[in-house]
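No value in this document is a laboratory result; all are computed from the given coordinates. None of these values were measured; they are calculated from a predicted model. Don't worry about glycine lacking a Cβ; one is built from the backbone with ideal geometry, like all the others, and counts go over all protein chains shown.
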């Protein structure tokens, strides 16, 4: 059956359903590249088991986004396409990472190669060329220009939408309902990497009760994602663990 979903078994979240569209995106070269990028970069030198990748992390964030979609669907009148977009943004949120990207983002005046930033791209993306691009900017470039990824997403229009949602721009063309869910203070990216890093390193600082938090997610009348009162301490604990 063409619409049959597959199951990917994750060490943190268990079974994660993968739609045919998501499978097509995962199978592209830009996404497969994430298999070779360690989440903690050189962390495995100190913590030998910290060899987990941005590939696994991206799958995990997509899985958590499904919980957000479940909570927000009725209050925000989300369509199935909106929910699919939420999951895709979760899946592709780290597509622009490269080796040691957080370190390199601090380096100024690196000449950008024409391979990644050509005149057409610079005309459509607000990118300062006197520094190396941060991973979010580079992610937008990849989603907007990589032909196999555009094809997997179903065309240029969908690719542009996903790329625009990946960074909170304030642009009137951006769907604020979905953008607020993605860029909330209760960050699904953070929820995954705290658990995944803690699990892989053996360090307890990232230990959070994910199930309790996602079961108490709420959406305000203005579309802001949060938790109900009884889960406030758990949400605060998550932020404290991230600071640690």
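Miscellaneous remarks
- Rg ratio (alpha-carbon, reference 2.2 N^0.38 Å) - region 178-244: 1.12
- Cα centroids of region 220-239 and region 54-89: 18 Å apart.
- Anisotropy class of region 1-41 from Cα gyration tensor, a/c 1.5 cut: oblate
- Listing 42, 8, 188 from fewest to most neighbouring C-beta atoms within 10 Å gives 42, 8, 188.
- Put in order of Cβ neighbour count within 10 Å, fewest first, the listed residues 200, 184 become 184, 200.
- Full extension of the chain between residue 51 and residue 228 gives 60.2 nm of extra length, using 0.36 nm per residue less the Cα-Cα distance.
- For the peptides 224-237, 86-99, 144-157, residues were scored by their other Cβ atoms within 10 Å and the scores averaged per peptide; the highest-first order is 86-99, 144-157, 224-237.
- Distance in nm between pseudo-label sites at residue 19 and residue 215 (7 Å out along the Cβ direction from Cα): 2.7
- Arranged from fewest to most other beta-carbon atoms within 10 Å of their beta carbon, 51, 28 become 51, 28.
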